[in-house]
Amino acid sequence: MNSKINNYLKSHTNASPLAVFRIGFGLMMLYSILRFWYKGWIQTLYLEPQFHFKYYGFEWVRDLGDYTYLLFIICIISSVFITIGFKYRLSIIFFFLSFTYIELIDKTTYLNHYYFISTLSFLMIFLPANAYFSLDNVFRKKSYKQIPTWTIDCIKLLLSIVYFYSGLAKINSDWLLNAMPLKLWLPSKYDIPLIGETFMQQDWVHHFMSWGGMFYDLSIPFLLLYKKTRVVGFILVVFFHLFTGVLFPIGMFPYIMIIGSLIFFDSSVHHKIIDIIKKIINPIRKNIELSNKTIKENLIIKNKKFVLSIVSLFFIIQLFLPFRYLLYPSELFWSEEGYRFSWRVMLVEKIGYTTFKIKYKSAQGVETFKVIGNEDFLTDFQEKQMSFQPDFILEYAHYLGDYYTEKGYLNVAVYADSYVSLNGRRHQQFVNPKVDLYKEKESFKYKTWIIPINDEIKGF
Amino acid sequence: MIKKIFSFTSILIFLIFSCSSDNDDSSSEVWVQKSEMLTNWADNFIIPSHSTLLDNLVYLEGAGNSFTNLPNQQNLDSLRTVFINAYMSWQYVEMFDIGPAEESYYKSKMNIYPTTVSRIEINIQNENTDFNNSNNYSAQGFPALDYLLYGIETSDELIISKYNTDSKYLSYLSKVINQMLQNTYPIIEEWGPYRNTFVNSVENTATSSVNKMTNDFIYYYEKGFRANKFGIPAGVFSGSTLPEKVEGYYNKNISKQLALEAFQAIKTFYIGNGGVSLSQYIDDVSSDGYADLSTDILDQFDIAESLINGLDNNFYNQIITDNNKVLETYDAIQQGTILLKTDMLSVLQIATDYVDADGD
């Protein structure tokens, strides 16, 4: 067994898939960030809010005012450098840090695919993605034909985890038995040409797409891994992602996954892609390829033990983190304790309506209540996200408590009046209205002030 | 084996299609239904409400002219009567803060209360008022008239004598009335061409008519109705009561009447008055858990309405004598907000008109 692992870790494979992946990744990131900027979201999501919702443990991360744009510029420059493979290691580190920092500014904007970008770019720090067809080759006058097999396989593994876990998460009674939330979402897509008025309205289509989505997510990794089914798998990937891209406002995610899945193909495919790229950039290339570089056979990873232990640790976390919800007694979709960072995509339709009441002692010593207008403190987007996520509710309650205490209010207590509707169920009270949230502390512990949902959702 | 698979698949396909034809509840007519709803809203609610209001404002102008020519008790009484009629018909208009009305800040120019008395007095003395200046929004419209007709002095005799002695007051009174007409004419004119734009915008986007109007309706229920008429004066948002913030404060007798009329407007809009509106739309798209939603909302409206009926005609008095009754009423109205903002939005899948970001 050990020797098998050792042999695997020593084995090498053609470097071109990782080079193509690097170029694809760089270009997609460049485009994503420019698009984000162009849409004005830096302003509306990061600069306009007077208050940001923080990830537990990352309260120290703040927006940098107008310098926040600088973070995006770092992202853009590093994406370009990653694409051309110039100072690759430094560039991917800068990209990972700046991108992740941006994500940590405000968890209102949390998306699984942003988390995917963060984890992937972290992993890529340790991969020799500049070994082949990169500007670094030109400057270092060295290029490698082969890289360790595991460096490509670990990207395949990460992609497989994303697909497989999001498939597992779909094995639940709401998704499979009630076709929720697709049953709510799809009929509202009546304005899509051809299928909108017809298919999207049919009950069997909602069920078919729920089951199909589950089988798709679970089987894609295997279809892509086996050579015989790879082409079919990739066609499915393209179809599925483009289709969901038409149906839902999911931005760049479909394209990132389509490009990313190319890594499963053999090096022959990637050589063809590289040939195409060469043709496109030929005019510029002539000037730089003059230098006499040596082409080496196998790339050896420096500090191999260190790198391998980091990568192994990374995957152990990836494999177990999505199951942390088992440690909470509450219904996952309702309380969302252990929900994020687990590839749970499109699983819930949740609408909340949450207002806050503060209690304080008036100047005359009388106990007084007043209801807070959320619009005085939050953007519409923040209010929407806050209204159904307990950690947001708690953090905002503390913000309000601090705000009014600083204004000189005495004995401030904060109560939430919160109602949530989940996956087609009628609304239910979400937070115990008698609990002073200002006294509750954020932690990884179960939040006892969430009123349990009076229904059971079975499954993963 | 192949035969087996074939027969199994055909049975499956047969089952799927036979089931689906049972469930086919007119859902393929979403477009038609939505456009029927929008037509109903435009032709039977928005446009007629505005013209009724305009008629009343024209009467108001007439009565205003009579009073300006001869400020006596009789003319004051008739001016007050048409004022109340016009204010009542306004209750059917305020929620339609959409299209031309939204662009010209119509709602703000017509009904921000409490009115800013100091500003009115300054305008009266200056004799020159730019009513399109946002600082003057709260010095015009119905609340300003409420002050001018009931509040500038402590008794009718003194009010009449003030108008007789100081022509600046008369002039401001007619300017305010005239400005209300000037605010309203363009809205009605623009609804002519805008009507077709409104009715044809049936797709499901943040800016389409169904979504905007539904969001506006909820916004009006929550802010214009629940907060402005009840919550704010009852001190829900301030910790202490603010009874002088009731609607029709200077009249001292119409706050309940106005609130009930506004609730009537909310209910008829929700039900649709014989045409398609939100309640039927909820019924048509809802499944399983939401089966009773449309009537639950209506029941909640009725509960709230009966509590409003139990309040003093003058909310000011009610708040001063027994604010708990107002708070109870507020809570009942709030229950309606919860139904609209969670269950109704969930079942109708109205794209919210404000959030612009990717999802996943």
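Sorted largest first, the spans of the alpha carbon positions of region B:87-164 along the three principal axes are 43, 28, 18 Å. Cross-link pairs exceeding 29 Å in C-alpha to C-alpha distance, out of A:357/A:458; A:447/B:229; A:107/B:229; A:142/A:272; A:141/A:227, comprise A:357/A:458; A:447/B:229; A:107/B:229; A:141/A:227.
Between residue A:7 and residue A:192, the FRET efficiency estimated from the beta carbon spacing at R0 = 56 angstrom works out to 0.60.
With a simple spin-label model that places each label point 7 Å from the Cα along the Cα-to-Cβ direction, the separation between residue B:291 and residue A:238 comes to 4.7 nm.
For chain A, state the average projected area of the convex hull of the C-alpha atoms over all orientations, rounded to one decimal in nm².
25.7 nm²
Counting only Cα atoms, region A:171-263 measures 37, 28, 20 Å along its principal axes, largest extent leading.
Only helices reaching 15 angstrom along their own axis (Cα) with mean Kyte-Doolittle hydropathy no lower than -1.0 count here, and for the DSSP H runs of chain A these are A:16-38, A:68-84, A:88-105, A:112-125, A:149-169, A:203-225, A:227-247, A:267-288, A:304-320, A:390-406. Using C-alpha pairs under 8 Å with a sequence gap of at least 6, the mean separation divided by the residue count of chain B gives a relative contact order of 20 percent. Seen from all directions on average, region B:25-134 presents a Cα convex hull projection of 9.7 nm². Distance between the modelled labels on residue B:58 and residue A:37, one decimal in nanometres: 5.8 nm (7 Å Cα→Cβ projection). Across all Cα atoms of chain B, the radius of gyration (one decimal) and Dmax (whole number) stand at 24.7, 105 Å.
Taken together, the values in this text are just the output of simple stated rules run on the coordinates, not laboratory data. For clarity, every value in this text was computed on a predicted model and none was experimentally measured. All Cβ positions, glycine included, derive from the backbone under ideal geometry; neighbour counts span all protein chains shown.
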